[in-house]
Amino acid sequence: ATTLPTMVEEEKQRFDADDAAVLVMELRKSFNLGKTTSYEWRMSQIQNIANMIEEKEKDIMEAIYMDLSKPQHETFVSEISMTRNSCKLALKELKSWMKPDKAKTPLTTYPSSAEIVSEPLGVVLVISTWNYPFLLSLDPVIGAIAAGNAVVLKPSEIAPATSLLLAKLLGEYVDKSSIRVVEGAVAETSALLEQKWDKILYTGSPRVGRIVMAAAAKHLTPVTLELGGKCPVVVDSNINLQVTARRIIAGKWTCTNGQACIGVDYIITTKDFASKLIDTLRNELEEFFGKSPMESKDLSRIVNLFHLRRLASLLDEDGVSDKIVYGGQMDESQLKIAPTILLDAPEDSMIMNEEIFGPLLPIVTVERIENSFTVIKSKPKPLAAYLFTDDEQLKKDFVQNISAGAIVFNDTILHTTVSSLPFGGVGESGMGSYHAKFSFDTFSHKKAVLYRSFEGDSATRYPPYTPEKLRLL
Ligand code: NAD
């Protein structure tokens, strides 16, 4: 008969700092043996991940559905397809990414040549989040492997079904001597963070980003921090209103129902134009999600009760709920919140100052569209800033004046699909970037290599430093 484990045994089963130290030691051994550095190994592991996605698509879709009730269409486009594309691109481009870059040399080193060699960093840690639990876990891992590193992935405990599946599938499909998954929450992540890594890529909140960076500093470990913030959308009046409304909806409610780092956080438009915009958003929302959006199968649920209550508290603040002009319904038992629009919520309210990360959308009105710059600049730098306009000068001014991880004109969120663009934040929204070749670079050291011959040995370089030699310089 099986007996229940005692408290002591349960404690022992927990992944702690000793386990983390053993894990890093094993992976470092593998890395030091050169297992992960060959082109063939990198290709085979990325191919294994591509095969895993192909063969286990149904299981992946189910796990993500269990975690977020994400519509299957959304999961397919933003998790399955995007992760698969990352694999495909790495498989196609890896050879060229690995090639050293030629560098120019000055007259002072003549004759010589130089190159920049991309060298794997070593044993790296990827800590991931829950809103795109598959893509945001695997995309950095693909980059780490492409760059020739051994890697540990810590998926988010807030998406437990996907975390469990990732641990199981990666255990089956990739080389366990160099690629591992550690599941867990704060305790397990803290145990991992005590170790010396050669790089940490963290995706999550700025609050925990600070914890990660402080832990990394102890070992002088470099970090890439993929954080969040309040992404604004500025809406001018000289636009195609229907397309604008649809694209705002796509950047808010069809990306995990607003639980997205580059999702629309708030809109800024002019006082005169706000009612037109709200009417069009209302019409389009009804077309997409029906008259009873709480029953729509095309909206993700809120990830858990903690986050639902956090969102509810944003509306509960004094003077906020009476600003609702659309939606506002909530159902704790089903973890659902309807698409909700607010007009001119108090400037000092939480909803106007904290990252919303959910289906609530405040609209701020200004007298002139140019005043939107002041509103955006009054807040920490966002991960993305969007502007809908036909005015070329306004576009130029926006690029010139607004600091953000990315800027997109006349659309939302689509920049993530452009593999030639880096993805990352600035200031409070993060540091460093990844995606495609930028992932490879993030997980590589750019080693400077100078080739000299025995020719060109100038005497001016050596003592004694006579006035004649000085004149020759
Ligand atoms: P979070 O920071 O709470 O959790 C993310 C990860 O950190 C998880 O793996 C978790 O286990 C770990 N963690 C949590 N608390 C910890 C602690 N005290 N010590 C060590 N590790 C800890 O973030 P979240 O709530 O999962 O995600 C929401 C945030 O992530 C938002 O700010 C959002 O904008 C941001 N985000 C950014 C991106 C991006 O690509 N830039 C993508 C998705 C989400």
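The values are calculated or read from the model by the stated rules, or taken from the named source; none is laboratory data. Quick caveat, the model's predicted, so the values are computed rather than measured. No Cβ is skipped: glycine too gets one built from the backbone with ideal geometry, and neighbour counts run over all protein chains shown.
Side notes on the structure shown:
- Criterion violated by I46 - all others in (1) in a helix (DSSP H, G or I); (2) out of contact with any Cys (no Cβ under 6 Å at 6 or more places or on another chain) satisfied: (2)
- Single condition L421 does not satisfy, out of (1) without any contact (Cβ under 8 Å) to a residue 24 or more places away in the chain; (2) over 30 Å from S86 (Cβ atoms): (2)
- So G148, is it in a loop (DSSP other than H, G, I, E, B) and surrounded by 24 or more Cβ atoms within 10 Å (Cβ to Cβ): yes
- There is no residue in region 85-93 that is outside any helix (DSSP H, G or I) and either away from the ligand (no atom under 16 Å from the Cβ) or under 17 Å from the mean Cα position of the chain (by Cα) (or both).
- Residue within region 96-114 that is within 16 Å of the ligand (Cβ to nearest atom), outside any loop (DSSP other than H, G, I, E, B) and modelled with pLDDT of 95 or more present: no
- Test: residue in region 123-133 that is in contact (Cβ under 8 Å) with a residue 60 or more places away in the chain, in a helix (DSSP H, G or I) and either surrounded by 20 or more Cβ atoms within 10 Å (Cβ to Cβ) or not aromatic (F, W, Y) (or both): no
- Residues in region 126-150 that are within 11 Å of the ligand (Cβ to nearest atom) and either over 15 Å from I53 (Cα atoms) or not small (G, A, S) (or both): V126, I127, S128, T129, W130, N131, Y132, P133, L135, L136, D139, P140.
- Residue list for region 191-221, filter: more than 9 Å from the ligand (Cβ to nearest atom), closer than 22 Å to S439 by Cα and of a type in the set (G, A, S): A216, A217
- Remark: pairs (first residue in region 450-473, touching a residue at least 40 places away in the same chain (Cβ under 8 Å) and under 14 Å from Y110 (Cα atoms); second residue of a type in the set (S, T, Y) and surrounded by 10 or more Cβ atoms within 10 Å (Cβ to Cβ); Cβ separation under 7 Å; 6+ apart in sequence or on different chains) = L450/T109; L450/S112; Y451/S112; Y451/S113; R452/T109; R452/S112; G456/Y110.
- When each of E172, E188 is tested for being within 9 Å of the ligand (Cβ to nearest atom), acidic (D, E) and assigned to a helix (DSSP H, G or I), the lone residue that passes is E188.
- Residue count for region 151-166, restricted to those that are more than 13 Å from the ligand (Cβ to nearest atom) and assigned to a helix (DSSP H, G or I): 3.
- A Cβ distance below 7 Å, combined with a sequence gap of six or more or placement on separate chains, defines the contacts here; from region 211-240, residues that are assigned to a strand (DSSP E or B) reach residues that are among the acidic types (D, E) and at pLDDT 95 or above in the pairs P232/D265.
- When region 309-331 is limited to residues that are part of a strand (DSSP E or B) and not hydroxyl-bearing (S, T, Y), the one that is surrounded by the fewest Cβ atoms within 10 Å (Cβ to Cβ) turns out to be D331.
- Test: residue in region 421-430 that is surrounded by fewer than 22 Cβ atoms within 10 Å (Cβ to Cβ), in a loop (DSSP other than H, G, I, E, B), among the charged types (D, E, K, R) and modelled with pLDDT of 95 or more: no
- When each of D390, D411 is tested for being in contact with a helix residue (DSSP H, G or I) (Cβ under 8 Å, 6 or more places away or on another chain), closer than 21 Å to L277 by Cα, charged (D, E, K, R) and at pLDDT 95 or above, the lone residue that passes is D411.
- Of the set (1) closer than 24 Å to N131 by Cα; (2) out of contact with any Ser or Thr (no Cβ under 8 Å at 6 or more places or on another chain); (3) among the aliphatic types (A, V, I, L, M), all apply to V375 but (1).
- For M350, the conditions (1) within 22 Å of W130 (Cβ to Cβ); (2) within 16 Å of the ligand (Cβ to nearest atom); (3) touching a strand residue (DSSP E or B) at 6+ places or on another chain (Cβ under 7 Å) all hold with the exception of (3).
- Annotation for region 268-286: at least one member residue is in contact (Cβ under 8 Å) with a residue 40 or more places away in the chain and either more than 23 Å from Q242 (Cα to Cα) or loosely packed, with under 14 Cβ neighbours inside 10 Å (or both).
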